[in-house]
Amino acid sequence: DDWKARIQAKIKNRVVVPPNIEGNPEARFDVVLLPGGDVLRAELRKPSGNPAYDAAVERAITAAQPLPVPAETELFQENFRELTLVFRPKD
């Protein structure tokens, strides 16, 4: 959970939230990582209902590379190769 929180925080720091966001929409992304923390693929699994926010999160995922991942190969393969990340602008 600590590593996943670090990954989320690094991405969230780079999200530029559009000014017209109402409520606290949720965008869910499936992210596939390489062992060095580079993003192989980031796919929007559940849109937030605000395409501008979804695009901002996707750009932030790309800009945040390399993401912090554990150096232990087994731990990475079991827990961090494929992640589902949830983003909300007010969390």
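The values are calculated or read from the model by the stated rules, or taken from the named source; none is laboratory data. Note that the structure is predicted; figures quoted are calculated from it, not measured. Every residue, glycine among them, receives a Cβ derived from its backbone with ideal geometry; neighbour counts consider all protein chains shown. Quick note on the areas: whole protein, heavy atoms, side chains included, nothing else; ligands and nucleic acids left out. Shrake-Rupley method; radii C 1.70, N 1.55, O 1.52, S 1.80 Å.
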- line: The lone condition residue 69 fails out of (1) assigned to a helix (DSSP H, G or I); (2) of a type in the set (Val, Ile, Thr); (3) touching a Gly at 6+ places or on another chain (Cβ under 6 Å) is (1)
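Among the residues of the range 57-67, are any open to solvent by less than 40 Å² (accessible area, probe 1.4 Å) and modelled with pLDDT under 95? Full working, then the answer.
First, the residues of the range 57-67 that are open to solvent by less than 40 Å² (accessible area, probe 1.4 Å): 57, 60-61, 64, 67.
Next, only the ones that are modelled with pLDDT under 95 stay: 67.
Checked against the condition, which is being open to solvent by less than 40 Å² (accessible area, probe 1.4 Å) and modelled with pLDDT under 95, the range 57-67 yields at least one hit.
Quick one: is residue 42 part of a helix (DSSP H, G or I), aliphatic (A, V, I, L, M) and surrounded by 13 or more Cβ atoms within 10 Å (Cβ to Cβ)?
Numbers: part of a helix (DSSP H, G or I): no; aliphatic (A, V, I, L, M): yes; surrounded by 13 or more Cβ atoms within 10 Å (Cβ to Cβ): yes.
Criteria not met by residue 42.
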query: Is there any pair with a first residue in the range 33-57 that is under 15 Å from residue 11 (Cα atoms) and a second that is of a type in the set (S, T, N, Q) and open to solvent by less than 70 Å² (accessible area, probe 1.4 Å) whose Cβ atoms are under 7 Å apart and which are 6 or more apart or on different chains, and what are they?
result: 37/65; 38/65; 39/65; 54/48
field: Selection status of residue 23, at positive phi and of a type in the set (Gly, Ala, Ser)
entry: yes
